Structures are given as C-alpha cells and as structure tokens.
Amino acid sequence: MASPSTKRQQVFLLGSLSDITGSKLPSIYQVLGFFLHQHLDLKKPKREASASTIDKLLTFWERADIPTRERQHCQTKVEKLFEEWRLLKKNEKRRSGTQVANEENFKESFDDLFDVAHADALTLITISEDREFLLAQREKGRRGTMAGIDVTLDNKNKRKAQRMLKVAAKKQHEVQEQQARSSTVTLASSSSSADESTGGEGVTGAKTPPPPKRGRMTVVTPTLSAALDRTKMSDRKAMMVVTATAQSLGHNVEDMALNRSSIRRLRQKYRTIGAENLKEAFSADQALVVHWDGKLLPELTCKDKVDCLPVLVSGMGTSQLLTVAKLPTGTGKAQADAVVAALRDWGIDSQVQALSFDTTSSNTGRLNGACVLIEQALNRQLLFLACRHHILELIIGAVFIVCMGASSSPEVLVFKRFQAHWEFLDLEKFDDASTDEHVTKALADVRDDIIEFAVFQLSEVQPRDDYREFLELTLIFIGEVPPRGIRFMAPGPMHHARWMSKVIYSLKVWLFRKQFKLKTREAKGLREVAIFSVHEYIKAWMTAPLAACAPYNDLLLMKSLVEYEKINKEVSKTASTKLAGHMWYLSEELVGLALFDRNVPSSVKREMVQSLEIEGEDNAPKRVQMNIPAILASELKDFTTSSSKTMFQKMKLPDDFLVTDPDTWDENDDFNRALLIVQKMKVVNDHAERGVALIQEYSGILTKDEDQLQYFLQIVQEHRKMYPDSKKVTLLKKQ
C-alpha cells in the first residue's frame, strides 16, 4: 500500500494509515484505515473507496474459507463505519463529556473483528476448525491465526477447476460437432436440388423449410403511444394488450411488427418527436414569468435520491414546461444554472421579465441566491414574484408552532392519533363554533363575511380537493351547511411539509373533540389554530393567486394581523412578524399591481398615481422592511414612487391610461389590455410542484429511459389536450 500523503501525517483517532495485513481476519482499525487512505489520500469517491476496501477485505475471508454477506451489504457496512468516524471528527473540537466518551468507545472497538460473515455462517461451515476460528475471531483480542495454505482445501479447489475445464472442453466439442452436422445437411440439400433440376440421381435430403417472415405492419402510432403513456402501461403490458386487441378485431398478428423492443423504440421516438414539435411551435412575444421548485426524489434507475427541478414559464395564459433538470446539489447556483440553461435552450431568455419562486434562502440569498444569480446571468433586473402560497404556508406554520409547540417528529402526533381513531367516530355528532363561547365571540365580527366568501368560492372551480375541503370545513365550523351538504373526508397526509393539512386537521379535530381524547394544551392550541384559520387565513389563501390583489391584500392582512391581538396577542405578534419579513408586493416595483385591483377604491388609485411623481430609489429593495407599529396608518400611496413605473416597462404594459381619471379606466383600451396581462400573471408556484408530482406518477415507464426525462412531461402536457375528460390529464390545466 502506498504511503499516505505527506500533507496528512496523522488522522483523527487513527494516527497513521496502514495496509490490511497479518494472519487474522481484518479488524475495524485496519478496514477504516485502508478506506481512509483510498478516500482521503488517493481522492477516490466514497463508493469507489469502499469497493476497493471490500476487494482487499474479502481476500482474507476467502483464505479462511468463511462464507460472507453479499458484496453490496459489506460495502454498505464500510460506509456506515466511515460515517460514524466522520461524525466524531466533525465534533472533535467540542470536548464535552459525551464527545470524549463517544471517541473512547470508538477507539476501544478498533481491535474488534470487522465482521462480514454470512448470517448463517456457523451453519454453512462444514469444517469444525473453521467454525472455531470464526468464533475465536469474534472474541475480544481475536485469538487465533490463519496458518499457511490449507493443503486439503487447495487440492479440492484444484480438482474443482479441472472439472470446470473438462466441462467447458466438452461443451466446445459439442458445438463443433453441431456446426459440422449443419454443414453436411446444407451440402446434401444443395446436391439434391441440383440433381432434381438436372434430372440426375444424386444424394437426396429433406428440404429445410424457409425461415418465417417477420411482420412489417406498424401498429404503434403517436396517438396509441400517447394512450399507453397516459395509462402508465409498461412495454411488456402494452405488448400483451395490443396483441390481444388486434386478435379480437380479426387481424393476423403474424403480419404485425409486435414485440416489446419495437413498442419501446416507437414510444421513445414519438416522445422525442412530440417534444421537438412543442419546442418549435412555442413562441413567446410577450413578457414571461419563469417558475421553478426543486424536490428531492428517488432516482429512476437506482435507489439513490436526486434533486429534480421543473422549470416552467407563464404569461398571457401560456404555461409551458421547459425541462425537469437533475441537479448535482440543491444550491442556489445549481438551480440558477439549470433555469438559465433551459431558457437559453428554448431561446426565450430575452422574454423573461419576472421570477416566481419559493422564499427559501437558496432562492432569495443576497449573494448566492438563485434569483440574484439568474439576474446576473441574464444581465438585467427582474421582477421578484415571491410565491404567495409559500408565504402563507410560513405564516400558518409559525402560528401552529406557537399554539401547539415545536416538534421534531416528521408528523404531527395528535393528527396521527386522530387518523387512527377516525373509523370510530360518529360523523353525525360534531360540535361547531356555537358550542364554544370563546370561538363564537372571536368570530362574531367576521362570521357573515366569511360565510359569503366561502359560498362564493365554492361556486367557482377549485384547483384542488383540499381547497374545497377547507372551504366546506370553514362553513361547518361556523355553523352553516355547505352547498353539497355536510360531509367529512377521511384524514390524509399530515407531515409538516403539507401546510394545508395543519388547517384542515385542526378544524376537523376540534369539531370532533368530544369523541377524541385531547390534552388540555392540545384542545386549546387546536382551537386557536382553527380560529386563526377562519378569521385570517381563508381569505388570504384563496385570493393568493391573483397578482392584482397581492399588494392591497398584503396591506390589509398585515393590519388585520396587528389588530388580531384583541383575540390572541401571541398569535398576532408571531403572524405579523413572519409576514413583515415577506412584504415583496409592497415594494416600489410591485405596488403598482394594485392599480388593477377592483377592490381598491378609485380615491386610493388617484393618490397612487400622484405618488408616481415622487422620485424613487435607483436600486429599490425587492421587499419592504415593514415597521409593524406604523402599519395601521400606512396606505398604498406610501409605498408608491416613480420606480413603480418600471413594472409597466418590464411587463410591456401600456400606461397611457394613467393620465386619465381612475373612474374612466374601465372604458380605456390601454387599461383593459394591461389588465388582461396582469390577470394572467401567476404569482404562486403550485404548478411547478405539479411537474414533480407527475415525475413521481410516471416514474414507472421512465425507468431506464432517462434520456427522455426532460421532455416527457412536455408530452404529458400536450397529450392532455387529447383527453380533456381525464382527471389526471387536467391536473396542470386547472392551474
């Protein structure tokens, strides 16, 4: 083994690194040292270093003639040992009692056997000396050693090798004889044909039948390929279904090109052609908004996980998926590179004027955030349309922690108990807000308004079932009957990433609190979450996708959250503080969207137009630093400056109507053209998540077909036009 690098004289806990030598089975110290030499000194990746270590390790176990585990399991054990060492090294400067004790325990195990023996090794070993040797090696001190060559075993292996050579020679002899017989039959047949044609008498032989002709009729068409994809049918299943269908229609399947490989090739071909046609047909002469939302998903061809990043653009009613990129990491730079590459690949980088994103640090970082890096790559300032739903998810998440307490569990435990108890509930016996004086008092000032809003929203088409369930539960909670009647859906996912589940579960659990045992803190906390959801959250969530409503809604919501201290001071402070950090739409660039909001009075719009003459900052911040105590006295005009006109320029909005009175704007053609563009702007990132959902849904037919991955969802989008009645096909259409 090569000596370690001179730059690394000592290794944490191990000292110097050494080779695996000796006449015993390798110890933990030897295995870890050899791995670290491969990984740290020779710069091999972890997987390659563990493979080299296993190669070395297994030579000793083979010498001892002891059966071992499968190779991949041995490799995993080496990597787990490395991870244990790495975690200790990570905290080497933390000299707490626990850290010191963990290091000592780890060092005490160095001389122990690195055991990769088969689980049934003691049963499988037939030689008693080998069995005793394994048991001795497992003891502390690993007594016993391996002697020289086992003559008996060596002779046995030699005899086995000789038998294998004889078998191989015999098979080769049989193949040569078969080839000779085939040659003889061919010559005899040729001679017989010649004799028959000349009338002579020659050697006669049976004619070999001609090989069957393969079918040439193409069965798989672009439409059939689309149907197979839509039904998530594998190539093998497609072969059986298409063959049976052809036979039932009276066709001769012998004339058709029907086999699994042909079906697979044609499906790949039609996907690629369809994707290329989509790219050629897509044209964008208007300003576009680009959306992306990364998710960690299982790899299609192995068990590893990979960052997937769907990238979409929208504008004037257009929503086009550009790619589903696989990222090496989830950093802002990796995401920015993937977004810019997709835009340039489609040739639309010059049309993009706005970014829609989740407000995570990897996106919004001041130096290495994806948004900043995309701006730098495109060499111009862009509008930042932070996802409105993501902002509201952060608010309800903060409120839930305040009311229910923080939890390290991936699921909300009270919801998990409720889900298990669901089948024992009498769904006709529930208690609404009228049964609790505190809830009735808290909702008294908004009850009629919420009922009217929820009923109106239910009359509209809701893009998701959980939105409809939220609206119906709100009416039931208040004491009203939804249009479809009172019904309760069975509890669904409850993990922390599903923010809507917190609202739905809180309402549902509180309604059935008398049939489901709750702790006093849980009952009180769920009640406060339910009140907040109905009082503040429902309107904000349902109106979030409307770009024109964003500035005015945020201002009203902020004021309402401050005034919510009359109901719950702690919740008010938490929610308002969280929202204050995400006032993107009251920035100087985006506050102008309120000019297109029907709910903003004309008098307020006049004040905003007058404020457009106030000189703004050269590089106005993308989000406002909100002074919470002063928010109650703030108006839209306070955030409007001359910089607010930049939105009109970037989104190519006509602005001649600004010189006229707001009361006449509805009759102004310029205003109506600008209003149409603003109404089509998407300020939520939900449909980017749909791309991830469809990857998971169709991963079965994408396996071992990764070259089609970035185009496949484009075909899905195109194929949904062929099947407008399919629920799954309209998944993206509703957005």
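The values are calculated or read from the model by the stated rules, or taken from the named source; none is laboratory data. Owing to the predicted nature of the structure, the values given are computational and were not obtained by experimental measurement. All Cβ positions, glycine included, derive from the backbone under ideal geometry; neighbour counts span all protein chains shown.
Could you list, in sequence order, all residues of region 504-523 that are in contact (Cβ under 8 Å) with a residue 40 or more places away in the chain and either in a loop (DSSP other than H, G, I, E, B) or surrounded by fewer than 22 Cβ atoms within 10 Å (Cβ to Cβ) (or both)?
Selection gives F512, R513, K514, Q515, F516, L518, R521, E522.
Please return the ranges of helices (runs of 4 or more DSSP H) entirely within region 321-425 where 1 or more residues are touching a Phe, Trp or Tyr at 6+ places or on another chain (Cβ under 6 Å) and closer than 30 Å to E570 by Cα.
Here the list reads 361-364, 388-404, 413-421.
How many residues does region 271-283 contain that are free of Cβ contacts under 8 Å to residues at least 60 places away in the same chain and either surrounded by 15 or more Cβ atoms within 10 Å (Cβ to Cβ) or among the β-branched types (V, I, T) (or both)?
Here the count works out to 1.
I'm trying to understand the selection: among the residues of region 609-622, which are touching a residue at least 12 places away in the same chain (Cβ under 8 Å), over 10 Å from E589 (Cβ atoms) and either buried (at least 18 other Cβ atoms within 10 Å of the Cβ) or not polar (S, T, N, Q) (or both)?
Within region 609-622, V609, S611, L612, E613, I614, E615, E617 meet the criteria.
A161: of a type in the set (A, V, I, L, M) and modelled with pLDDT of 85 or more, yes or no?
Numbers: of a type in the set (A, V, I, L, M): yes; modelled with pLDDT of 85 or more: no.
Answer is no for this residue.
Of all residues in region 74-91, how many are over 14 Å from R47 (Cβ atoms) and not charged (D, E, K, R)?
Final tally of qualifying residues: 5.
Could you identify the single residue in S225, S283 that is outside any helix (DSSP H, G or I), of a type in the set (S, T, Y) and at negative phi? Let's see the steps before the verdict.
Values: S225 fails: outside any helix (DSSP H, G or I).
Among S225, S283, only S283 is outside any helix (DSSP H, G or I), of a type in the set (S, T, Y) and at negative phi.
Among A594, A547, A580, which is farther than 23 Å from L475 by Cβ, among the aliphatic types (A, V, I, L, M) and surrounded by fewer than 21 Cβ atoms within 10 Å (Cβ to Cβ)?
None of the others qualify; the one that does is A580.
Residues checked against (1) assigned to a loop (DSSP other than H, G, I, E, B); (2) crowded, with 17+ Cβ neighbours inside 10 Å; (3) on the phi > 0 side of the Ramachandran plot:
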position: T59; (1), (2), (3): no, no, no
position: Q75; (1), (2), (3): no, yes, no
position: E84; (1), (2), (3): no, no, no
position: L134; (1), (2), (3): no, yes, no
position: G141; (1), (2), (3): yes, no, yes
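Can you tell me which residue within region 213-265, out of those that are farther than 26 Å from E276 by Cα and among the small types (G, A, S), is surrounded by the fewest Cβ atoms within 10 Å (Cβ to Cβ)?
The residue in question is G250.
Which one of these is touching a residue at least 60 places away in the same chain (Cβ under 8 Å) and not in a helix (DSSP H, G or I): M647, M626?
Going through M647, M626 in turn, the sole match is M626.
Output the residue which, of all residues in region 240-259 that are within 17 Å of R216 (Cβ to Cβ), of a type outside the set (V, I, T) and in a helix (DSSP H, G or I), is modelled with the highest pLDDT.
A246
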